[in-house]
Amino acid sequence: MRRILTFFVDSNVLIGYYFLCGDRWGIQAKKLIGKSGVKHSSTTVWHECFGEGSAGRCRTIFREIKSEFYSAISLLTKDQFSPLDLYSLATEEEWKSLEIIQELAARYENDVKELVRKIRQAERKYEIDCEDRLTYLKKPAILVIHNRDIEYPATQRILDSVIDDPSDVTILLDAHHIGFTIPELDFITGDHRHIVQQKKVIVANTNISNVTYLDSI
Amino acid sequence: MVNNPLLKYSIERLLHEANPEGDTFFGATAFNKMIFLLHKQLLETDIDIKLPYYWYLQGSLIEEHQFEEDVGHPRQYYITSDHSSRRMMTVPRTSIPDDIQQVINRHIHILVENYKQPNGRFVHGYLDRLLDDVYAKAPYEFQRVFNRKFIPFLDSFRTPVRRQVPASLSFADEDLEKIEEFLDNSHKVFPQEDMEQIYETYLEWDDTVRITIEFDEKRIFPMTENFWKIFCKNLRVHKNENLSLGLIQRWNSHFNEEIFPKYQIDLEKLRKSLLKKWKRGQKEDAEIDALVKKMNLISRDHLGQSGT
C-alpha cells in the first residue's frame, strides 16, 4: 500500500507560488499548494519570505517593483518624461523592471497617456494577484506554520557536515522538529544541489520521511 | 510676562483697527490670517514681529503655546470662542520706538482697509479673499492646487447647509474627468524633494483615489480629507517660523512613529479592498496578463533562488 505523506514546504515553494509566472517552477508550486490537505512549514521559512509585518524577501522585492512602477508614472506625469527618457533613466539606474519598461516604452512611444494607463493596470494586477495568493497561503486549512523552540545539536552536526548553507540546515531542523508530531513528512524543495542530493543523509538522521524535488511532484 | 512686545503691540493694534468694538465678524480665522499677512509685509520692511506660526490645514496657524509665552496672554484672550475678538478701543502704551510704531500702524491700516467696503464694514465673503491672499504666500503650489481648488471642487457636491455628501451622489463623466485633471495637476506640483518621506504614499493614495472614483466614488471625500491631514501634519514640521526646536522635534517624532505608519496601514487596507473590486471589474487582457507574468518572473529571479 502506498504511504500517504504530509508535505513540508521550503521557502522556494512559497516564492514560486507567490510570484506565479506560468513557468515550470510556478506551475509545480501551484500544483503543490493546490493539493488537498494541509501543508506545513516553519516560522523560519515564513519570515524569510513574508517577514513579520511587511518585511521578508518576497515583500521587499514586491515593494521594490511596485515602487519602480510608481516612479515611472511619476516621471511620465510630474516630470513630463518621454517614454524614451523613462527608458534611459531606468537603464541608467538599473531598474529591476527595465525589461518591462523597455517593452512598454517602445510600444507606446507616441502615447504617454496610454503608457501610464498600462503601467497602472499592470501594477494593480501584479499587486492584487500577489495579495490574493498571500491571503490564500495564510489560510490555516492550506498551510500551518510551526515554531521550533528546541535545538537539536547532534542532528545539526550531521546536517552541517553535508550541507553548506546554515539557513538550509535551520529549515531542515524545523521540519525534523515537526516530524515528532506529524509522521510521514515529505520535505518539498526546489533546491536540488544543496538539499535533494543529500536526501539519504537527511532521511536517515531526521524525522523527515522523504525529500522531494519540487519538479518531480 | 511679555517676551515679545513687538508682537503684542501688532496684535492689539490690529484688533483695534479691524474690530475695536469686539463684534462677532472677526473671529479666529480672520485673526490668524491677518496677523500672518502683517508679519510677512513687515518682514519686507525689516521689522520682524516673530510671529510663531506653522502651515496647516487652512493656511497659516498661530502656535498657541509659543504665542502665550511671547505675548503673556493665551490666544483666547484676544479671540473668544463665540468668534469675536477682544474689545480694543485703545491700544496700551508701549516702549516700542515711535518710528517702528508708525510703520506697523500704516501697514495694519492698509491691510485691514483692503478687506473693507467704503462704509467701513468688511466686504461680504472677505474671509475667502483673505485665505486666497494667505495661500498666495504658501510655500508650495501643491497647497494652492489641493486646498484652494481640488477640495472646494469636491465640497461643491456636498449639501449646502449641513455639508454632507448626498446619499444619492453619482459623479457625471465630466466630473470624473475633472477629478482626474485635478489629480494630475496636484501630482505635477507635489513638493517631492521636500516631502520625499511621504511621496510614495502620496502616489499610492493618488492611484487608490483613481480606483475609488470608478468603484466606490463617495469614498473620495474621506480619502481626500485624510490625505490632506497627513500632508499638513508633515508640512507643519517643515514649514513654520519662530517655534522651539523641541516642539518641532515632538511633531516630527509623533508623525514618524504614530501618525504616518497608522495612515499607511489604513491606506493599504483600503487599497486592498478596492483592488478586489477593481479586479472583478476587469476584462480579460492578454497584454496585461503577459506583463504581470514578467513582473512576477523578474521579482522571483531577483531573489536569486534556485528553482525547478
Can you run down the residue pairs with Cβ atoms below 8 Å, 6 or more apart or on separate chains, where the first is in region A:106-126 and within 11 Å of chain B (Cβ to nearest Cβ) and the partner is small (Gly, Ala, Ser)?
-> A:ILE119/A:ALA72
Can you tell me which residue in region A:78-98 is farthest from B:LEU291 (Cα to Cα), limited to those that are surrounded by 14 or more Cβ atoms within 10 Å (Cβ to Cβ) and within 24 Å of the chain's Cα centre (by Cα)?
-> A:TRP95
Restrict the check to region A:144-166 and report whether at least one residue is within 10 Å of chain B (Cβ to nearest Cβ), without any contact (Cβ under 8 Å) to a residue 12 or more places away in the chain and part of a helix (DSSP H, G or I).
-> no
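Within 13 Å of chain A (Cβ to nearest Cβ) and assigned to a helix (DSSP H, G or I): which single residue out of B:PRO222, B:PRO261, B:PRO191 fits that description? If you could, list the steps in order and put the result at the bottom.
Details: B:PRO222 fails: within 13 Å of chain A (Cβ to nearest Cβ); B:PRO191 fails: assigned to a helix (DSSP H, G or I).
When all the criteria are applied, what remains is B:PRO261.
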Evaluate the following for A:ARG193: is it among the charged types (D, E, K, R), in contact (Cβ under 8 Å) with a residue 24 or more places away in the chain and within 14 Å of chain B (Cβ to nearest Cβ)?
-> no
List every residue pair whose Cβ atoms sit under 6 Å apart, with the two residues 6 or more apart in sequence or on different chains, where the first one lies in region B:149-160 and is at pLDDT 95 or above and the second, anywhere, is surrounded by 16 or more Cβ atoms within 10 Å (Cβ to Cβ) and of a type in the set (Phe, Trp, Tyr).
-> B:PHE150/B:PHE182
Pairs returned, first residue in region B:271-285 that is surrounded by 12 or more Cβ atoms within 10 Å (Cβ to Cβ), second residue that is among the aliphatic types (A, V, I, L, M), beta-carbon separation under 6 angstrom, 6 or more apart or interchain, are B:LEU274/B:ILE211; B:LEU275/A:ILE128; B:TRP278/B:ILE211; B:LYS279/A:ILE128
Going through region A:30-67 one residue at a time, which ones are more than 10 Å from chain B (Cβ to nearest Cβ), among the polar types (S, T, N, Q) and under 26 Å from A:VAL169 (Cα atoms)?
-> A:SER41, A:SER42, A:THR43, A:THR44
Kindly establish whether B:LEU267 is more than 9 Å from chain A (Cβ to nearest Cβ), touching a residue at least 12 places away in the same chain (Cβ under 8 Å) and over 29 Å from A:GLU48 (Cβ atoms).
-> no
Any residue in region B:188-203 that is surrounded by 16 or more Cβ atoms within 10 Å (Cβ to Cβ) and polar (S, T, N, Q)?
-> yes
Right, A:LYS118: of a type outside the set (A, V, I, L, M, F, W, C), part of a loop (DSSP other than H, G, I, E, B), buried (at least 16 other Cβ atoms within 10 Å of the Cβ) and out of contact with any strand residue (DSSP E or B) (no Cβ under 9 Å at 6 or more places or on another chain) or not?
-> no
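The values are calculated or read from the model by the stated rules, or taken from the named source; none is laboratory data. Owing to the predicted nature of the structure, the values given are computational and were not obtained by experimental measurement. As a convention, Cβ positions derive from the backbone with ideal geometry for all residues, glycine included, and neighbour counts pool all protein chains shown.
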